[in-house]
Amino acid sequence: MKVLLLAGGFGTRLSEYTETVPKPMVSIGGRPILWHIMRSFAHYGHKDFYVALGYKATLLKEYFLHYRFLNANFTVDLTTGVVSPHQVDEADWRVTLVDTGLESMTGGRVKRLQSFIGNEPFMLTYGDGVADIDLDALLSFHRSHGKMVTVTAVHPGARFGELMIDDGKVNCFQEKPQMGLGWINGGYFVIEPDFFDLITGDSTVLEREPLEQAALMGELMAYQHDGFWQCMDTKRDYDMLNNLWHIGRAPWRV
């Protein structure tokens, strides 16, 4: 199934890094977070990617254009100019990069990719969040209900340690747990092509009119994911995700 990745935003809340690179190119363990997301999809056999670009689009284009050599050792024959790669990363992905405009909103970026997606269902997610979602289960759930859109619902990560107290006694201490109540939009959508009709143009915000309309029509279903999910909105998120990767405890690692 085709996978649409939203990678065009300005990433202003992570300005420590996004002044020089777009947020999807900010690295975790030496690789762009977008690479981690794509690797998760590829693990489940979804390797046909369509990346909606905007802010600093050229940097993303250059990364994938030179991907083979950026992720390998190589020898350059300075006499002939021949480059011979060694230990190549054999990612068998097909990546289509589309400039969807600097100022387009999320819905507008999706609409601009309609001609590439065609009249078929597709998967969609943001270029700044990682998760250990079972994409086979997500897809099976979507196919089981027959509605237009499935969104993955996740628990937001708590910002502070949680104490369970009984009569002054701390019975349980959990450092920054996943919240047990409440669900938020975690991305990782499965969408039928009729959804494009709900998007009017570049100024449309995906999370407002189109998804709100789908919900009013009874065409929006939620796949509830109780596992790991984390977006990279702040330096704190960046540090946490990199730490998980470096100590070998990254739940999204496949």
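Read-outs: derived from the displayed coordinates by stated rules, not from any lab. Nothing here was measured: the structure is a model prediction, and the numbers come from that model. Every residue, glycine among them, receives a Cβ derived from its backbone with ideal geometry; neighbour counts consider all protein chains shown.
Values as computed for the structure displayed
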quantity: Output for segment 13-72, where each listed residue is among the small types (Gly, Ala, Ser) and on the phi < 0 side of the Ramachandran plot; calculated: Ser15, Ser27, Ser40, Ala42, Ala52, Gly54, Ala57, Ala72
quantity: Test: Asp136 is surrounded by fewer than 15 Cβ atoms within 10 Å (Cβ to Cβ), in a loop (DSSP other than H, G, I, E, B) and in contact (Cβ under 8 Å) with a residue 24 or more places away in the chain; calculated: no
quantity: Members of segment 45-89 found to be under 30 Å from Thr18 (Cβ atoms), part of a loop (DSSP other than H, G, I, E, B) and of a type outside the set (A, V, I, L, M, F, W, C), listed by number; calculated: His46, Lys47, Gly54, Tyr55, Lys56, His66, Asn71, Asp89
quantity: Breaking point among (1) in contact (Cβ under 8 Å) with a residue 12 or more places away in the chain; (2) over 24 Å from Trp229 (Cβ atoms), for His66; calculated: (1)
quantity: Residue under evaluation Thr75, criteria (1) farther than 23 Å from Ser27 by Cα; (2) under 16 Å from the mean Cα position of the chain (by Cα), criterion not met; calculated: (2)
quantity: Test: residue in segment 4-23 that is under 25 Å from Ala137 (Cβ atoms), more than 16 Å from the chain's Cα centre (by Cα), exposed (fewer than 13 other Cβ atoms within 10 Å of the Cβ) and not polar (S, T, N, Q); calculated: no
